[in-house]
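Chemist: My questions all concern the structure below.
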Amino acid sequence: GVNAAAAIRGVDWSLITGTTTARSVREVCNNQESCGSEKGVSAPTISGVDTALHTHTSVRAVLKNGRVRVRLYGCYESLQGGCTTRALQDLTGGIVQSFGLSNQDRYLTFQVLNSAVPRSSLLISSINQEKDNKRQLRLRNGLITQHAYSVTGLARVRGPLGETPLVRLRNPWGRGEWTGPWSERSWEWDGLSERDKELLSVRVRNDGEFWMSFEDFARHFTHLDLVHIGPDDWMVEPALHSKQPWRAVLARRRWRSGYNAGGGPGYTETTATNPQFHIQIPRASSNKCHVVVSVTQYYETHPVETKKKKALYAIGFAVYEIPHSMARVTPHFVIDQKPLDVTNHSVAREVVTFFTLPPGDYIVLPQTNVPNCDGKFLLRILTDEQSNIWEVNEDNMVFRNITSEFLEEAPLLVIIYSIYLYLGYLSDKPSLELCKSLIMLRDYNISGRINLMDIPIAFQKFDRVGHGTKTSSYNLRALLWEAGSTASNKVLECLVLRFSKSKILTSECFVMAMVRLHLAHDDPNDHLLLTILMAAIGL
């Protein structure tokens, strides 16, 4: 790709925007609450110095910014051989998406341009040659290789050969313009009416700007980078006020092994445990909604010499269309329904997709390619139409007043002892910790959708090994639901950390998890003698 130094020289600074360190991107989505507990994200900073650039940035500030980026990455050598997307992301704080144009469908490419140009998105195109050849060359058609051009507009004109779509580009250097068809000295340009010439000339406002046909654009340029700018930057940048702003939602979350690191769609038993985010586009709306989804994993630009640099995971996300009444994607749903869209899981610091959705309900699942990958990630969702976005979560609830014949009168002591003695539900004798937890319950009943006599059946339902007393910790949410309880994402994460071991949940640990949930809803005032319970079960 274009190296970072060339990208800094070649980017059109008249269109670059940034995010100040004193201001964070806050959600502007119909006053909805942010998906995350942390509601902002800032551009990279070093010792409080903003590394983002603005339209009012002076030449001296640009040079200072370059030195700051060197400090961010450690040395000038780290900048050499970088890519345009990384430079644009560091300098703007926006969401950067890349397209390869060589083998891309022309219709899809034009749709991307047509959708992005009117919105608060910057478009950068370049001609990249072989990987080993990073020298800039001027081609016979006037274009320069290994150089960034800004896409600034689109138009359609009627010429001798019919209607032709045109793309307007700008070379920030002010030289290296296109000399082929539809340039100012071409026969195609001379064939236009004076009125069309005047309209197109007025729209070419800056030195270095030129028109070329879309076919020539797609044929000669090899890469297209989109920089989607957030709503806060749109508000402070006058150059973007002519464009439609994005509505933004972000959430900082993490994948934790054994809890919500369920892997990609190929892992049907666990992929539904990944964090889920609901996008609701009102069905009353007749317009399709343009959506940008970005998943960025935690990365290190310049790790301490004594610290080994953390390897990046292959990350991505899946999008499922769900019925309006459905609250959460389940493993059964994943098996029966194919996702609406799945990104190519790639080892990158950010994965982005720009697509269009009709009115309806959708679930976004950020994920790693394989399960059990621990790491932090940042999810950002941009929409251009009214939409409601929230993280799928549950309340901490214990359902009561449900018939339970077995538990109606029997003390908890007798129940546990009976299950252990006759059903063999607990793999070993009840531990001291289990006994302590059980006698702390205020009442002697654990009422739910099933009684304690049916819990072994529930365990066998989720047991893939055949032991009947152990199951994957990823099944804890489903087990709680079977037992008539629900837990929020944070509470469920704490239960997994506390009661599972090596991603395995034993039957005894599940009982203790249920006890903790009941204790969270009841103040234990009544206590049984621990010695009586210990004597009854032979401890």
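Please treat every number below as a calculation from the coordinates, not as lab data. Because the structure is predicted, anything quoted here is derived from the model rather than measured. Heads up, the Cβs are rebuilt from the backbone with ideal geometry, glycines too, and the neighbour counts pull from every protein chain shown.
Chemist: For the ranges 331-339, 345-353, what's the packing order if you count other beta-carbon atoms within 10 Å of each residue, average per peptide, and put the highest first?
Modeler: On the way: 331-339: 14.3, 345-353: 18.2.
The densest-packed peptide leads the list: 345-353, 331-339.
Chemist: Which of the pairs Lys243/Lys376; Lys376/Lys501; Lys243/Lys490; Lys243/Lys338 have their Cα atoms more than 31 Å apart in this structure? Spell out each step's value before the answer.
Modeler: Numbers: Lys243/Lys376 33 Å; Lys376/Lys501 21 Å; Lys243/Lys490 39 Å; Lys243/Lys338 35 Å.
The answer is Lys243/Lys376; Lys243/Lys490; Lys243/Lys338.
Chemist: Same structure again: Note the full-extension length gain between Glu215 and Thr330 as 0.36 nm times their separation in residues minus their Cα-Cα distance, in nm to one decimal. Write out the running numbers ahead of the final one.
Modeler: Working: separation 115, 0.36 × 115 = 41.40 nm, distance 4.51 nm.
Length gained between Glu215 and Thr330: 36.9 nm.
Chemist: OK, next. What's the extension gain from Asn114 to Asp395 if we count 0.36 nm per residue and subtract their Cα-Cα distance?
Modeler: Working: separation 281, 0.36 × 281 = 101.16 nm, distance 4.29 nm.
Residue separation times 0.36 nm, minus the Cα-Cα distance, leaves 96.9 nm.
Chemist: Oh, and also: Looking at Val293, Leu340, Ala318, which one has the Cα that reaches farthest to the positive end of the dipole of the range 242-369 (charges on Cβ: Lys, Arg +1; Asp, Glu -1)?
Modeler: Val293
Chemist: Tell me the label-point distance for the pair Arg256, Arg175, using the 7 Å Cα-to-Cβ offset, in nm and rounded to one decimal.
Modeler: A separation of 6.0 nm, rounded to one decimal place.
Chemist: Would you please give the FRET efficiency between Tyr107 and Ser242, computed as 1/(1 + (r/R0)^6) with r the Cβ-Cβ distance and R0 = 22 Å, to the nearest 0.05? Walk me through the intermediate numbers first.
Modeler: Working: r = 27 Å, r/R0 = 1.21.
The computed FRET efficiency comes out at 0.25.
Chemist: How far apart, in nanometres, would the label points at Gln337 and Tyr298 be if each is projected 7 angstrom from Cα along the Cα-to-Cβ direction?
Modeler: 3.2
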